């Protein structure tokens, strides 16, 4: 959360002339309601089922850039789709910067707690090892300009023959 997946993803897709998808936005479009409403009615397990189906569908498409929610990596099937069908870039951000970016965002159901900063820290401690194991590359987005982040990702892609420009 708050690492810049959607912003960086859009810019990268534009630079590569690929189609950009955000799995959360695709779920919302299909359901006709936002993610918090899905959480309210179906809980996190129901949302994660929808998320898995969407990731399976989207990762089968050619020439896309896909931004997923941070919890997508919690399911083996999602990790398999992402790693085997694509090139996974972990956008990392320090906790302080992450909280500055999203601390007051009411559209994030997992942060609806008494101490959202502690929740972010707990989520990062749980997920960081999974993110790092899944990623083909890691790029820090703390106080970096979009252009620099996208350029670094493209450099990684070129070095692995994932894309030719």
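Using R0 = 25 Å, the C-beta based FRET efficiency linking residue 138 and residue 6 works out to 0.90.
Here the simple spin-label model places points 7 Å from the Cα toward Cβ, and for residue 80 and residue 148 these points are separated by 3.9 nm. With each label modelled as a point 7 angstrom along the Cα→C-beta vector, the residue 125-residue 34 pair spans 3.0 nm.
Taking the convex hull of the alpha carbon atoms in the stretch 5-157, what volume per residue do you get, in Å³? Walk me through the intermediate numbers first.
Details: hull volume 16.8 nm³, N = 153.
Residue-normalised Cα hull volume stands at 110 Å³.
Cα-based Rg of the stretch 4-94 per 2.2 N^0.38 Å, rounded to two decimals?
Numbers: Rg = 13.0 Å, N = 91, 2.2 N^0.38 = 12.2 Å.
Normalised by 2.2 N^0.38 Å, the Cα Rg of the stretch 4-94 equals 1.06.
Spin-label model, residue 96 to residue 44: label points 7 Å out along the Cα-to-beta-carbon direction sit 2.8 nm apart.
Just so you know, all these numbers are worked out from the coordinates, no wet-lab data involved. Being a predicted model, the structure only gives us computed values, none of them experimental. A quick note on method: Cβ atoms are made from the backbone with ideal geometry, for glycine too, and the neighbour counts reach across all protein chains shown.
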